[in-house]
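The values are calculated or read from the model by the stated rules, or taken from the named source; none is laboratory data. Note that this is a predicted model, so its numbers are computed, not measured. Note that each Cβ is placed from the backbone with ideal geometry, even for glycine, and that neighbours are counted across all protein chains shown.
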Amino acid sequence: MSNVVKTEIYNEEPGMGLNANPFEGEMYIDLTGPMGSMSGLYYGLIFQLRKVGFETLKIEEWIQVPPVFKQYYDLTIHQKEQLEAQIKAGLGQIATAIHDYDLISHDLRKYREYMDYFTKIEKGKKMMMSKKKLEKDEGEQMAKEGTQLLRSVFVDQVDAHTGEGIAIRTITPRWPTIIVDFMRLDDKDTDPKKIAQRHGFTEAEGAVLSTKNKLFMEWRDRLFKPTLQERFQNVRRLVEMRRASVRQYTEMIKPTIARYRMIDDALRTPSARGFHTRFLFPPGSQAYSLDMTRIWAFLPFAPAEKYKVTRDFFDTVTLSEAGFNKRDIEILAKNGVDVKETLPALPVERSIDDIVRRYMPNVQKTYNVEISIHDVYLARQRLSNIYRTKAMQMIGGVPRRESLPTMAGGSWPFSPYFVFLDIPFLRNVIRLPNGTELEDMMVDTITVQTRSQNVMIVTILEMIAKEKELENYIKQLLGEFGGPDLNLKSIEELVKEEYPEMFGGEEKKERKEGKDLLEPVKKVQHALGDVLSSLGLKFDVLRARGPYEFAMDDRIAEMFQVESMVQGYLYVLRYLQQGVKVPGIRI
């Protein structure tokens, strides 16, 4: 059964959706054979399901190997421990690279500040050559500001270290205004007498200022400027190197983290740990291994007396016709979706209905990821793409697998009803003290459901959530995601929420969706239909809530569930029985 979708969906909304379990559609299967036989049977079934048209997905897996089974333990759990050590080392490299990057970036910001001073001077000199008086005056002011900024740097960081009684700062008791006087000088002020006459200084102060001004120009033009240019290029290079190394280290470690996460130790989760209370092998003395793989498989079917007319080409619908409202379309546009382009139609439109929207929060809570309307759009597109790909394979009645090597099986009927299989495979490898090895495979428990199109969109949305869960795990470990466990967000989003004025964030505003004007009429219609039905009078058009079948006794039980049992449940059961050579079994 799906992790999110519950069977009560039929009881809640007749005609709005379908997720019905046949009473006979559940079975516990336990098969044992020599080493490799059960694995071969598992892979054969997976390949066969795709050959007959099923779309197969792996939704869950874990493994448990006690240290007693040393050979297998070293290949699995010990390998995970080695990956853990690599991840720790990689995270340390990233932390060191980020620290170095911050230090070098600080130097770059300081050098860039000095470069801005020289840039202001050079721009001012060019503007001073203009024939326009306004532009010329502006250039003089700009060059003067840049020079004064460099003079302040010279006084604070260069001249201040020339010694006691020599630096300008240390002789202010004799001439209190000498620093201000030094800032008023320009490059022409080199003669002591002319400085004293021009600015009204004493000759002694003029001599000191003349000497300091010459030293300033020597430092600015011959020492500081060429050194600054060379260092700025070197530091800029180091910054780019460190920025690239942080990015590269992060990308290099992602596959390692993914491999680590994919080796899912059963003892990591409470549910899997609890399973071992039912498993009778002693892990401290018996060599065994236990692994679980859960497979979902689904295939549409055409019910009798419905959808008889075959369709060679799909119609198209707009986003609005597919069920996306105005707010949804705005969000999709921000995510790069061409909202003006039409979409291939699914068998039932509107495909994004109340059932899909109702289960979005359930998916989000179950997998601890953020699910947006864009993810719903991607789920719908995946289902649409499977329909189109399956149809393209059988154009003209001839399979076209050479252009689509990853797909197999025949064309899907253009129907909104699906056979859905949930098959958890539990494989146990046992090594006896005499060296004999056995392989046991339990299917605990295979179930089949009849599902409608909107429920299948939710199912595919669960797969997208699983993919996002892995990506969030990697990003959280690398520091790219953060926040509370149930509300993980990127660092960019977190800082925007904390300081929206600084990072360009927006305050959240509640939006109210428009009401359906026909809702009161629909309520009266549904109530009348329910009353008539309770009296034994069936007027299905009055009871219908949605576009899907809801006549449980007449159609779902007698027709739909039969299709699910034959095409799904019995097919898998017969395949497994044939694989272990049960007499008289044929597919």
Q) In region 135-149, how many residues are among the acidic types (Asp, Glu), more than 52 Å from the chain's Cα centre (by Cα) and over 20 Å from ASP189 (Cβ atoms)? A) 2
Q: Check region 54-72 and report whether any residue there is in contact with a Leu (Cβ under 6 Å, 6 or more places away or on another chain), surrounded by 14 or more Cβ atoms within 10 Å (Cβ to Cβ) and assigned to a helix (DSSP H, G or I).
A: no
Q. Yes or no: ARG184 basic (Lys, Arg) and at pLDDT 85 or above?
A. yes
Q) Within region 312-344, how many residues are touching a residue at least 12 places away in the same chain (Cβ under 8 Å) and within 20 Å of the chain's Cα centre (by Cα)? A) 5
Q) In the list GLY139, GLY206, which residue meets the criterion of being farther than 24 Å from MET115 by Cα, among the small types (Gly, Ala, Ser) and out of contact with any Ser or Thr (no Cβ under 6 Å at 6 or more places or on another chain)? A) GLY206
Q: Please indicate, with yes or no, whether at least one residue in region 125-147 is surrounded by 13 or more Cβ atoms within 10 Å (Cβ to Cβ), in contact (Cβ under 8 Å) with a residue 40 or more places away in the chain and of a type in the set (A, V, I, L, M).
A: no
Q: Check region 97-107 and report whether any residue there is of a type in the set (A, V, I, L, M) and part of a loop (DSSP other than H, G, I, E, B).
A: no
**Q.** Subset of region 11-51 (residues that are surrounded by fewer than 15 Cβ atoms within 10 Å (Cβ to Cβ) and assigned to a loop (DSSP other than H, G, I, E, B))
**A.** PHE23, GLU24, MET35, GLY36
Q) Given the residues LEU215, LEU209, LEU150, LEU223, which is the only one that is in contact with a Lys or Arg (Cβ under 8 Å, 6 or more places away or on another chain), aliphatic (A, V, I, L, M) and either in the same structural domain as LYS125 (by TED's automatic domain parsing) or part of a helix (DSSP H, G or I) (or both)? A) LEU150
Q: Consider GLN157 carefully, then state whether it is farther than 23 Å from ARG237 by Cα and surrounded by 13 or more Cβ atoms within 10 Å (Cβ to Cβ).
A: no
